[in-house]
Each structure stands twice: as C-alpha cells, then as structure tokens.
Amino acid sequence: MPSSQSTDGTRTDVLLIFPPQTEARFFPYLSLPYLTGHLRRRGRRVHQADLNIAVLHELLRCPALLDDAVRAQDTGDDGKAVSDWYRHEMADVFAAHIGELRAHVLEKAPAGELGPDRAVRLATLALELLVRDTFLTRTWEDLGRLDDAVRRAAERPPAASDVPLVSLRHLVTGLLGRHRPRVVGLSVAFFSQLAPALLIAAWVRQLAPDTQICLGGQQVMLRHDGLARLPGVRETVDALCPTAGEEPLERWLDALDGTVPLAAVPGMTWLPRAGGAPRTGPAVTLRFRDLGPPDFTGLPFRSYLNDALELAIVSCVGCYWGRCAFCSYGNRSLPQGGYQQGTAPQIADAVEAVVRATGTRYVSVADENTNLRLILKAMRAVRERGIRLRFGVRSRLEPVLTDPGFCHDLAAVGCAMIAVGYEGTSQRLLDRVDRGVCAADYQRILDNLHAAGITVRFTVMGQVLDETPDEFEASLRFLVDNERRIGIDALELMVAEPGSRLTGSPDDYGLALDTSDRLAGNPELSYLAGRVGRPLAVRGGPTRTEALDRLLRIFHTVRPGRTNGPAPSRPAPDGSRAPAVAALRPHTWVRTVPAYADDRTEVRVTLADLVKERFYALPADDVEQRADGLLMARTDRGRRLLARLADAAAGTPDPALAAPSARSTS
Ligand code: SF4
C-alpha cells in the first residue's frame, strides 16, 4: 500500500506501456488491464497506454502522416513505378475516407459507404504502409544486432527518424510530461515488440532520468538471461520481470516508498547500472485465484481494429497440459505450481466486471489452452446473473469435445468460437510432440462443434518433426474435407523457442539446433516473423524449404469457410451467371492504373482494388473507361466482365445504363 509520507501526489506511480509493433489490435492486450486492476485496488495511481494501437490513432487524427511516410518510401524513379503509384493512391484513398474510418474505428459508428469490414481493412493497410520498412517493422538476426540498432536509433535526433518513430516519440514524451511516472513498465508479449520496447526505454531514460524502468511479459520470461547481457538493456533498464508482474510491481512501489527493503521485492531481476551481476529477488507468492478482474479504464477499448466491441479475460496462467514439446509457454507450467487457474466464481466476476464496465457483448477468453469444463461452469454462472454474451476460447481438440452434449452445453452458454492448433492427423507425430490428443477424434469433434454452431479456427503448424509425405497428404486431406466448416487464422513452421522441451533436449525429437546466437522465425508466413527461436533442422525430415512448400500447398488448396455459396465472380454451381452489366462505376477505393505505370494500357484497362489488394485487367476490346471513370461494356463479354466486377464488389452498376439481356458470346 502507498505510504502517505513518501508519495508525491502529483506523480503517477506506474505508467504501463504496451509497445508497438504487433498485430494484437483486436482488443487491448490483457497484461496492462490486469496489472492496472491489481495496482489500483492497492491504492496506486496507474496509467496504461497501448502505444501499439495509439500509432494507428495518431494516423487517424493526422492522415497527412501517411503522405509523409509514402513520400519517404518513393523509389526515386520519378514516382513512375507502379509500386510508388500504388502507395500514393493508398494514401489518397485513406485520406478520402478518413471521416468513415474515424467514425468506425474510433467510435464504432457506422462506416458509411465503406462498411465495417472494409473500414477495418483499410485502416490496417494504411497503418502497415505507415510503418513499412521502418525501425518498427525490422526483423532481427540476433539479439546483439537488435541491441546495437536500438542504441543507434536512440541517439538519432527525432527529426532524422522514420515518420512513425517521430510520432511514437511524441506519444512517449506526452505521456511522461502528463504523468511524471515513478516507474515505467513495458509489457513485451511478442518478439516484434522487443526492439521498439527497448527504444522507448532508452527515450524514457533520456527524457526522465529519475524514472525507474522495468521490462516484463512473455518475451522477458523466455529470454531474460540473454536480455540481461545486452549492453543497451543494462544502460537503460532497471529491472526485468520474468514472472507475473502484479506482486513485483506492487512491492517495488512499496520499496520506493521506503516501506520495505528492495531485497524483499519478489519476482524481479535487478540490473545494476554500475555493472556487476544481475540480482534476483525472492519468488512471488500471489496466486492467480487471488487476482481481481482486469481494469480497462484509460484504454481506448472501443477504438480497436475490430468490427465490433470485443474485450478479453483470462481464466488461468499457463496450461494444465503443458507438455507439447514445441510450446515454451506451456512447458513453463510443468514444474509443480507452474499452472494456476481461476475459480468459476472468480472468472464469472471478471466477465461480469468487464461487461458492466464496457458494455461488451463478446469476450475472448485469451488463454493459450482453456479448461473447457471450468469455462462452461463459469459462463453458466454468468448467465445465472442475467448476463447474455458470446465468447471465444482457445483449446486443443480435447476428448471432452467428442461428447455432442458437452458441445451443445458450451454453445448454450454463449461459446461462439474455438481456436485450435493443428499439427496434422498423424498420431505418430502427435505422440512424439506429446500433444495429448487423439487424431481419430478430430472428425467427430468438428462434426459436434459444427452441429452446435461453434466456429472452429485453426492455426496450422508445419515442419512437425519428420512428417512423411503420406502423413502430410492425409493431414491436408482432412483440412480439405472440412474446409467448409473451419477457418484458418495462420500457418507457421514449428519454432524451437527458448525454454521449450524441443530446445532443452533436441536429440529426443531428432532435431539439430543451431546453438549460435542466430534467431529463426517465420518471416515468410507470420507478421514480422512471428515466434522466434533457434534455427533447426529435422534429421530425416523435410527441409525447411520443403516444409514451407507444404504449408503453401495448404494455403493454395484449402478454401476455408466456404459456407456462404461460391466465391465472388465464379459461376454458380448451376452454371448460371450474374446478370450482365452495361456500365459500372468503380468504388472510390478501386483505382485505374495510369498509362505511365502500366505499359499495356492500349490493350487493357487495369484496375486496382486497394482495399482487397486485388488487380483486375479488362481487355480494351471489351471494356472502355470514360474520362469520368465510368466503365462501359463494348461487347457481351465486356458486360459479363463488368458483372463479375460488380459481383466482386469493385463497383456499382449504373442503373441509367441497363444491360440488354443478350447472352451471346463474343
Ligand atoms: S500447445 Fe497448447 S495445449 Fe500444448 S502445452 Fe502449449 S498451451 Fe498447452
């Protein structure tokens, strides 16, 4: 608890920051709200800032930033390259729709002509364009180079930095000025946040030298030894927190007040700036079941990149199974006491608190592997309190889901979605990685979940040890057979993360690990390389290139979620076609590639749908474009092409120019 003598009433005790750059933009990442809730209940002044989403909000407030960023990305080829044209058009479309984007993203108000899906997509694309090829989106070969680059970036004058870095520094300066925090805590959940987090730490050290700085989160749990050795980290960071941060932060503030000795603060690794070995405090004692609900106050929780308002809770820390060999997160739960779950009333309290504070009607249970029986009990309790909401979970394809009654009960309390990791259908491989599930159950489980109306979304893992070609084909066939009833969120190759059983005993899994400092992730398939670990080779298994090709085959073969009829612009199953269209007005986000960027404009009109990121080429013999942009069919084939464009939502048919009903071919 705060000591009344020692606290300065004008200062915030802790400023918690979630740094860029990650795709976690659907709802606030939970580390901050749980830490905030705990510390506020202990009487502390806390401000939480999600700078990952704030970079987007800055862009929405000041769309000219995108023009500046795009100009900095010009190739210098007189701006005539199609890539330059594309980026400038994107900035133009973004500026043209800024009112709808602000309304939808910031306020969840109607998105006008764009509609909610396109608004989210356009905002995402604009943000990615803003940060493209900047420090925020660099990937790293090893921690040493990352640390060096952070130190150089921190020494650079703000005006010489990338456009989004100037914005980010401005945000950090504003937070420090308004809150004058005694402690800044940076939560680093994803590897792609590590360099920006260290840069923010360096800025805080420059701008507010008396502020204490702590780094925590999943990446610190995985890599604290390596981080503690980096010169840049030793210069700027006071403490690493490789455990849940609630109790360490609470007790650190007590120590800063002088009410407990620093040596009594649990869960921290102290990095003496004068040099010397890091010192580690005692273990934490606070249990998850004693934690209260998350507190989202202060976060712009309505303004995330989502179609609707969505918030999250967790029901546990770690994973009750914990044994999957590739899972560093789960493997940390293996020692006694490593896994902790909430009680059903506690989880129900958290859900109720979040619903009452925010009005959300959808809650993500953001565990890595939810105990489904526990969540069923908790959500029943929520219903009994008169609260109706839908929720999503992440879990294995657990044996309990072979019971249709259980799936029905889950759906009845609001379960709408289960996210699942899929490593294929080879029981041999599932057993080798100790997945603890039965592939023979998979079909029945998907049937049950489908019958209950629960959506299933897969993350597909490739290079699962020595997967044979036959095993891969069977796993692919399972996906194809079920493509109408699954979604696929991500494809990724297996990664040997630090702390995982794969890394601890690679021989047991037939792996050869590169034990140098080199890092390996999934740059081809995952956002900013995704999870990062040691480079690996599987003895007797597919090479990385072969494994990647297999995942690409899945990408090109499986058509997830085709439950709503044929894809746009394909003939219907009965062979009938959409009515012909004589004239089509392209939407404002569908732009015509100019002659200087398309050397075949004499024979075609090329359109770019900047929101869908799709190009369409229309033969000039069949379609012409008027000076005002209207596309006019010249032939029956042209009318059919325009009909397909209308079907692909690229434009609106002009009613003043109705199509003749002719069906003849050109
Ligand atoms: S992959 Fe999932 S089920 Fe397996 S240990 Fe990790 S969290 Fe647990």
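Roll a 1.4 angstrom probe over the protein heavy atoms and tell me the percent of accessible area of the chain that is carbon or sulfur.
Answer for the chain is 51 percent, counting heavy atoms of protein chains only.
Relative contact order, percent, of the range 427-517 when contacts are C-alpha pairs under 8 Å separated by at least 6 residues? Can you show the working numbers first?
Numbers: 65 pairs, mean separation 27.4, N = 91.
Once divided by the residue count of the range 427-517, the mean separation gives 30 percent.
For the chain, what does the relative contact order come out to in percent, with C-alpha contacts under 8 Å and a separation of six or more?
11 percent
Which of the peptides 321-328, 454-461, 628-635 is most tightly packed, and how do the rest follow, going by the mean number of other Cβ atoms within 10 Å of each residue?
By packing density, highest mean first, the sequence is 321-328, 454-461, 628-635.
How large is Rg/Rh for the chain, to two decimals, with Cα atoms and a Kirkwood Rh?
0.98
If you add up the charges near S516, with Lys and Arg at +1 and Asp and Glu at -1, over every other residue whose beta carbon is less than 14 angstrom from its beta carbon, what do you get? Show your work: numbers first, answer last.
Working: positive: R145, R518, R534; negative: E141, D142, D514, D517.
Result for the local shell: -1.
With each pseudo-label sitting 7 Å past Cα toward Cβ, what's the D508-C438 distance in nm, one decimal?
Output for this residue pair reads 2.4 nm.
Round to a whole angstrom and tell me the spacing of the C-alpha centers of the range 283-345 and the range 213-277.
With the range 283-345 and the range 213-277 each reduced to a Cα centre, they are spaced 21 Å.
Which order do the peptides 332-339, 606-613 come out in when sorted by mean C-beta neighbours inside 10 angstrom, highest first?
606-613, 332-339
Of all DSSP beta bridges in the chain, what percent run antiparallel (nearest 5)?
About 40 percent, rounded to the nearest 5.
For the range 407-421 and the range 50-117, write down the distance between their C-alpha centroids in whole Å.
36 Å
How much length is gained on full extension from D447 to E107, taking 0.36 nm per residue of separation minus their Cα-Cα distance?
That works out to 118.6 nm of additional length.
Around D466, what is the net charge, scoring Lys/Arg as +1 and Asp/Glu as -1 over all other residues with Cβ under 11 Å from its Cβ?
Local charge sum for D466: +1.
How high is the relative contact order of the range 329-438? Use alpha-carbon pairs under 8 Å, at least six apart in sequence, and give a whole percent.
Reported relative contact order: 24 percent.
Given only helices, namely DSSP H runs of n ≥ 4 each adding -39500 (n - 2.57), what is the per-residue ellipticity at 222 nm of the chain, to the nearest 500 deg cm²/dmol?
Estimated from H runs of four or more residues: -11000 deg cm²/dmol.
Rounded to the nearest 5, what % of DSSP beta bridges with both residues in the range 243-399 are antiparallel?
40 percent
At 1.4 Å probe size, with no ligands or nucleic acids counted, give the accessible surface of W85 in Å², nearest ten.
10 Å²
Within the chain, which cysteines find no other Cys whose Cβ is under 4.7 angstrom from their own?
Result for the chain is C62, C214, C241, C316, C319, C407, C415, C438, no neighbouring Cys Cβ within the cutoff.
Taking R0 as 51 Å, what's the FRET efficiency between F615 and R11 from their Cβ-Cβ distance, rounded to 0.05?
Taking R0 as 51 Å, the efficiency between F615 and R11 is 0.40.
So what does Y616 come to for accessible area, using a 1.4 Å probe and Å² rounded to 10?
40 Å²
Under the 0.36 nm per residue contour assumption, what length would be gained going from the current alpha-carbon distance of R559 and V82 to full extension?
168.7 nm
Assuming 0.36 nm per residue, please report the length gained on full extension of the stretch E155 to H170 beyond their Cα-Cα distance.
Gain on extension, E155 to H170, equals 3.8 nm.
Taking R0 as 22 Å, what's the FRET efficiency between R518 and A277 from their Cβ-Cβ distance, rounded to 0.05?
0.25
Using only the Cα atoms, work out Rg/Rh for the range 394-433, with Rh taken as the Kirkwood radius, to two decimals.
Here the Rg-to-Rh quotient is 1.07.
The values are calculated or read from the model by the stated rules, or taken from the named source; none is laboratory data. Keep in mind that this is a model prediction, so the values were computed, not measured. We place every Cβ from the backbone using ideal geometry, glycine too, and count neighbours over all the protein chains shown. Protein only, heavy atoms only, side chains kept; ligands, DNA and RNA dropped before computing areas. Shrake-Rupley method; radii C 1.70, N 1.55, O 1.52, S 1.80 Å.
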